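What follows is one structure encoded as structure tokens, with my remarks underneath.
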Amino acid sequence: MTKVREISLRQDVLQLIKQYQQEERLQSRFRDSEYLLVSQRAKKMHRDAVRDWVAKVSKEVVMKLHPHLFRHIFATRLLRKGVDLTTVSKLTGHSTVNMTAKFYIQTTRQEKQNAVDKL
């Protein structure tokens, strides 16, 4: 069974999606697909195609990239900007807040030292 997630997007990202739908997407034979990303052979882009594309980009930028890295960066940036753990957990689609905390709450030595210095 496919897990469906509802996500919020910034307005500038929504504008880019609309631009894609009005320009590039219209050239696809699957332009009426309910999915945002389509391939040349299917009405939706398979996750392996996304993985392959990220691997190609990874080689071009000479940096190890993988799809899950984007999720990790997203969650880490939200937490560093002060977004509460419960909201980050919901945005990342984790089943529990504990799962989010396990993967994304890391404390640096400096943060630990700053905490002790407050005593």
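Each reported figure results from applying straightforward, stated rules to the coordinates on display, with no laboratory input. Since this is a predicted model, take the numbers as computed values, not measurements. For neighbour counting, all protein chains shown are included, and Cβ atoms are generated from backbone atoms with ideal geometry for every residue, glycine included.
Report the local net charge at Val97: Lys and Arg +1, Asp and Glu -1, summed over other residues whose C-beta lies under 15 Å from its C-beta.
It works out to a net charge of +1.
Hey, with R₀ at 35 Å, roughly what FRET efficiency would Leu16 and Gln110 work out to, going by the Cβ-Cβ distance, to 0.05?
0.45
Of Gln22, Ala49, Val61, which is farthest towards the positive pole of region 11-61's charge dipole, taken about the Cα centre with +1 and -1 on the beta-carbons of Lys, Arg and Asp, Glu respectively?
Of the options given, the answer is Ala49.
Report Rg(Cα)/(2.2 N^0.38 Å) for the chain, keeping two decimals.
Here the Cα radius of gyration is 1.38 times the empirical estimate.
Suppose every Lys and Arg Cβ carries +1 and every Asp and Glu Cβ carries -1, with no other charges. What dipole size does the chain come out with about its Cα centre, to the nearest 20 debye?
Magnitude of the dipole: close to 260 debye.
So what is the calculated 222 nm ellipticity per residue for the chain, using -39500 (n - 2.57) for each DSSP H run with n of 4 or more, over all residues, to the nearest 500 deg cm²/dmol?
-17000 deg cm²/dmol
Once you put a point 7 Å from the Cα of Ser28 and another 7 Å from the Cα of Lys44, both along the Cβ direction, what distance in nm separates them?
So the label points at Ser28 and Lys44 sit 1.2 nm apart.
Between Asn98 and His66, what FRET efficiency follows from the Cβ-Cβ distance if R0 is 22 Å, with the result rounded to 0.05?
0.40
For region 17-119, which GluC sites (Glu not before Pro) pass both filters: DSSP loop (anything but H, G, I, E, B) and at most 11 other C-beta atoms within 10 Å?
Glu23, Glu24, Glu34
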